[in-house]
Structures are given as structure tokens and as C-alpha cells.
Amino acid sequence: MTQMKEKIASILPQWRERVTKLMKEHGDTEVNTVKISQFYGGMRGIKCLTTDISYLDPLEGIRFRGYTIPETLEKLPKAPGAEMPYVEGHLYLLLTGEIPTDDQVQEVIKDLQGRGEVPGYVWDTLRALPSDTHPMTMFSIAILALQKDSVFVKRYNEKMSKFEYWDPMYEDALNLLAKLHTIAAYIYRYKYKDDTPIEPDFSLDYGKNYAHMMGVDPPYDELSRLYFILHSDHESGNVSAHTTHLVASTLSDAYYSLSAGLNGLAGPLHGLANQEVLKWIQEMMKKVGDNPTKDDMHKFVWDTLKSGQVIPGYGHAVLRKTDPRYTSQREFALKHLPDDPIFKVVSLLYDVVPPILEEQGKAKNPWPNVDAHSGVIQWHYGVQEYDFYTVQFGVGRAYGVLPNIIWDRALGQAIERPKSLTLDMLEEIAGIK
Ligand code: HAX
């Protein structure tokens, strides 16, 4: 057993004890009440989910196992001379709550490399799809195609005890994570680079191997490490995390659950926003030229709002300040691509958009989110097929949602089944019927 898995097994009894005690002695303690507006308002703000892997503070942004993004990037082990930490070390942190040693990271790297081979039938499945299939659809289908090898299903059919559920969930999750970057890069090279997939090099770490398979030179390996870490987890309530958790709560395996979560990520209000941002910026540049002034932007932003559309990359359901994931990407861009023309537009938009959203008075958060920045950096390094951007988001997101469902099973989270009411009932509660 690897040190990472051993660590989970060793801390699990204390976690289970805490949950049992809390449920037994304080199960009836109320946390919040639910307002009628929350029934039609996407359940915004209702506290009814639990995870210890990350926490999103509206003003501070995300903390991974208690560490802010700058702390995470600073503390996790890095390859000699590297700017960004190993993604594998981040996985260790998310799964165990501890910053790994170099030795522990190397063990995770080896473990994932050993699980990385993608069976040929996955490529056959992708090649059977119509050529204009969206890359997110391809990604989701590839994950489902792998489902037949689920260890969880096998062990479930062998009647394992429920206390063992986390173990095969762990195996499925790692088997999947080990392959996702290869599947993503394959889809990219197959669909957009004249069907020229590049063989994985399993002597490389996750970020470096991904850059290699994408066929993009350094510092794209550093960007990939940063990108996967930043996009990994954003607590439990966002659509991709919640969907993965919800589906897994039926004891569906990691393949079904992740594929479902990624289908949610594919929506334009969620992960697809990163492609929408670039599309929107380029529409503006097409209209007003390559060097738009603040006045040009001002007009374009208002035109977008007046036509009933949202400004992609701005606003958030929980955050109430600039997303620190935006800031980290901005710091990367300032270091590596300060003169990029689209980066300059992204920077200027930061001055223009928030006051307009404030003036319009609808969005609760006028500040940029993670998606406002990611596309421009990808574009700079030649990954210009923006339909593909959400697939990369999905690879990163898997690093958060899969550890979550391992811990869901470890702590015995129940099948989800909230209660619904009819409009008649709500009117009755409101006293208008
Ligand atoms: N542009 C214009 N209007 C916006 C807006 C924006 N960027 N953000 C919010 N609003 C509007 C909403 O559409 C809503 O209008 P209605 O009352 O007419 O429905 C109103 O402001 C209140 O919305 P809110 O409470 O501030 O925001 P929500 O929690 O409802 O929605 C969203 C959060 C992220 C979906 C929203 O801000 C949005 O649509 N942003 C643009 C798309 C985007 O960038 N999505 C990516 C978010 C990050 C993420 O999940 N990445 O995966």
C-alpha cells in the first residue's frame, strides 16, 4: 500500500468517530432555515453539504485543506528548478490533509504513472463519434467507456462491507486520474491537430507529461501544473462537485459520477465560461480593432448587457471579491506574457467591467472569476481551440471531486434525497393561498 493510502486508512477511524459522535449527540441541532427565495433561487446559500477537502470563503477565496492558493503553491513540493508544484503533491494534500514530503510525492507520481495506460477501445469509441462532437462530450464518453473496469462495482458484487467502500473508490479514482491527461491531450491532437496524438511519456510527472502530449513547449508544463491545481476544488456546492457527489451517493462508481459532474461543468454558466470569455473578447476586438480603448470596452460591455447576456468571466455564486484563482493566473501572465495583446485587454477589462456591473445593480459580485483569465494564457501558448478549454478544466476538477467521493464513502455519507414542495404549498406557507 502507498503511503498516501496508508495515511487515509490510519486517520479514518478518528474521522469516523467524530462524525458518529456529532450525528448521535447533535443530530437535531439546526444550522439554518430555508427561505422561499431559495427554492427558486438555486438553493443559493443553504448550508446542507459537508466536505473537509476545501472551503470557499466569500471574501478570501478558496482554501485547500486550510491553505490559501499562495500558501498551497509555496508549500507543496516542486521538481528541481520548477516554478509550480507537482499536481501529484496537491492530490496527496487534498486526500490526506497534509503537505507531502518529496519521497511521498515521488511515490504518488510513480503510482499514477503505473496506472496511466489507456485501453485502445477508448480511442476506438472516440473515433466512432461524429467529427463535430464537442470535446467535452468526447471527454465524458471516454470516462464512461472506462467504467467496465470499475473496481468498486466488482467489489460491490462480491458483497464487500460498507466500511470498505472507500478503498475501491480510491482505486477507481486513481485509475481514472492517471488517464485523464492522456485522454484530454488525445482528444486535442485527434480533433484539432490533424489526428497526430503524441504517446505519453510515463517517466514524466503529470504536468510535464500533459504538456508533452499536447505538443506545447515549456513553460506550458508549469502552466499545466498551475492550471490543474487551481481548478481542482471549490468546496461541494458548485455544479460539477455537487453532481459528482450526488451521483456517487447512490453508490454509483467514480466513472459514472465524474462523467456526470463533467456534464455539469460543460454548461456556459459553469466551466464553459472560459471559452465564452475568449469568444466574447475576440468579438469585441473584431468589432473595434486589436487595441480597444476603455471607451470601446465600456460600450461593448453595455451592449452585451443590454442584449440580455451576461459578461462571461465575471460574477460568482459565493465569492464577493476578485477570485484568487484569477489573481494567480494574472501573476503567471505578468511574468511570462506581459506584452500579449489579449492579456492587455483582459487587464483593462478588470478596470472597466466591475463599475458597470455595479451600476447595473444586478450581479452580487462584480469581480472576475477563474474563467476570466484562463483562455488568454492558453491562447498565448498556441492552444487556440477554445472549445477545448473546459476539458482542461475537467482534468483539474477531477483532482478535487474524486477525493471528495472517496471521503464521502469513507465517512458513510447517505444517498441524497432532499424534499420538494409544490407552488401551491409554498403559497400556502407564504399565507397568500
Ligand atoms: N453579467 C451580467 N449579469 C450578471 C453577471 C454577469 N457576469 N453575474 C450575475 N449577473 C446577474 C444574474 O444573471 C442575475 O440576473 P437575473 O436576476 O436577471 O437572473 C443577477 O445578476 C443576480 O445574480 P447573482 O446572484 O449575482 O449570481 P448567481 O449566483 O445567480 O450566478 C454566475 C453566478 C457565475 C452564474 C453569474 O455570475 C454569471 O452568469 N456569470 C457569468 C458566467 C461565468 O463567468 N460563469 C463562471 C463562474 C465561475 C465558475 O463556476 N466556473 O466554472
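The values are calculated or read from the model by the stated rules, or taken from the named source; none is laboratory data. Computed from a predicted model, the values in this text were never measured in an experiment. For neighbour counting, all protein chains shown are included, and Cβ atoms are generated from backbone atoms with ideal geometry for every residue, glycine included.
Looking for whichever is more than 30 Å from residue 214 (Cβ to Cβ) and out of contact with any Gly (no Cβ under 6 Å at 6 or more places or on another chain) here; the options are 360, 378. Which one fits?
Answer to the selection: 360.
Determine which member of the set 46, 99, 53 is out of contact with any Cys (no Cβ under 6 Å at 6 or more places or on another chain) and within 16 Å of the ligand (Cβ to nearest atom).
Just a single option satisfies the conditions, and that option is 46.
Here is a list: 73, 59, 12, 22. Which entry is free of Cβ contacts under 8 Å to residues at least 40 places away in the same chain and aliphatic (A, V, I, L, M)?
Only one candidate passes the filter, namely 22.
When you scan segment 159-178, how many residues do you find that are in contact with a Pro (Cβ under 9 Å, 6 or more places away or on another chain) and surrounded by fewer than 21 Cβ atoms within 10 Å (Cβ to Cβ)?
Total meeting the criteria: 1.
Is it true that residue 223 is among the aliphatic types (A, V, I, L, M), crowded, with 21+ Cβ neighbours inside 10 Å and within 13 Å of the ligand (Cβ to nearest atom)?
no
Got a sec? Which of 294, 287 is basic (Lys, Arg), touching a helix residue (DSSP H, G or I) at 6+ places or on another chain (Cβ under 8 Å), more than 12 Å from the ligand (Cβ to nearest atom) and free of Cβ contacts under 8 Å to residues at least 24 places away in the same chain?
287
Output yes when any residue across segment 309-322 is farther than 18 Å from residue 366 by Cα, in contact with a helix residue (DSSP H, G or I) (Cβ under 6 Å, 6 or more places away or on another chain) and buried (at least 17 other Cβ atoms within 10 Å of the Cβ), and no when none is.
Checked against the condition, which is being farther than 18 Å from residue 366 by Cα, in contact with a helix residue (DSSP H, G or I) (Cβ under 6 Å, 6 or more places away or on another chain) and buried (at least 17 other Cβ atoms within 10 Å of the Cβ), segment 309-322 yields no hits at all.
Of all residues being of a type in the set (A, V, I, L, M, F, W, C), farther than 16 Å from residue 50 by Cα and more than 16 Å from the ligand (Cβ to nearest atom) in segment 226-252, which is surrounded by the fewest Cβ atoms within 10 Å (Cβ to Cβ)? Just the residue, please.
Across segment 226-252, the extreme among qualifying residues is 251.
Any idea how many residues of segment 36-59 are out of contact with any helix residue (DSSP H, G or I) (no Cβ under 8 Å at 6 or more places or on another chain) and either exposed (fewer than 14 other Cβ atoms within 10 Å of the Cβ) or more than 13 Å from residue 400 (Cβ to Cβ) (or both)?
Residues in segment 36-59 being out of contact with any helix residue (DSSP H, G or I) (no Cβ under 8 Å at 6 or more places or on another chain) and either exposed (fewer than 14 other Cβ atoms within 10 Å of the Cβ) or more than 13 Å from residue 400 (Cβ to Cβ) (or both): 12 in total.
Is there any pair with a first residue in segment 245-273 that is part of a loop (DSSP other than H, G, I, E, B) and a second that is among the acidic types (Asp, Glu) and more than 10 Å from the ligand (Cβ to nearest atom) whose Cβ atoms are under 8 Å apart and which are 6 or more apart or on different chains, and what are they?
Matching pairs, first to second residue: 249/408; 249/416; 253/172.
Of these, 78, 47, which one is assigned to a loop (DSSP other than H, G, I, E, B) and touching a Pro at 6+ places or on another chain (Cβ under 6 Å)?
Within the list 78, 47, the selection yields 78.
Criterion first (assigned to a helix (DSSP H, G or I) and farther than 27 Å from residue 65 by Cβ) does residue 295 satisfy it?
Answer is yes for this residue.
Quick one: how many residues across segment 169-190 are basic (Lys, Arg) and closer than 20 Å to residue 397 by Cβ?
Total satisfying the criteria: 1.
Filter segment 60-84 down to residues that are buried (at least 17 other Cβ atoms within 10 Å of the Cβ) and β-branched (Val, Ile, Thr) and give me whichever is farthest from residue 228 (Cα to Cα).
In this case the residue turns out to be 62.
If we scan segment 115-123, do we find a residue that is under 23 Å from residue 230 (Cβ atoms) and in contact (Cβ under 8 Å) with a residue 12 or more places away in the chain?
yes
Among the numbered criteria (1) without any contact (Cβ under 8 Å) to a residue 24 or more places away in the chain; (2) buried (at least 17 other Cβ atoms within 10 Å of the Cβ); (3) outside any loop (DSSP other than H, G, I, E, B); (4) out of contact with any helix residue (DSSP H, G or I) (no Cβ under 7 Å at 6 or more places or on another chain), which single criterion is violated by residue 89?
Every condition holds for residue 89 apart from (4).
Against the definition (buried (at least 24 other Cβ atoms within 10 Å of the Cβ), modelled with pLDDT of 95 or more and over 17 Å from residue 400 (Cβ atoms)), how does residue 183 come out, yes or no?
Spelling it out, residue 183 is indeed buried (at least 24 other Cβ atoms within 10 Å of the Cβ), modelled with pLDDT of 95 or more and over 17 Å from residue 400 (Cβ atoms).
Among the residues of segment 263-271, are any of a type in the set (A, V, I, L, M, F, W, C), more than 9 Å from the ligand (Cβ to nearest atom) and more than 19 Å from residue 343 (Cβ to Cβ)?
Yes, because at least one residue in segment 263-271 is of a type in the set (A, V, I, L, M, F, W, C), more than 9 Å from the ligand (Cβ to nearest atom) and more than 19 Å from residue 343 (Cβ to Cβ).
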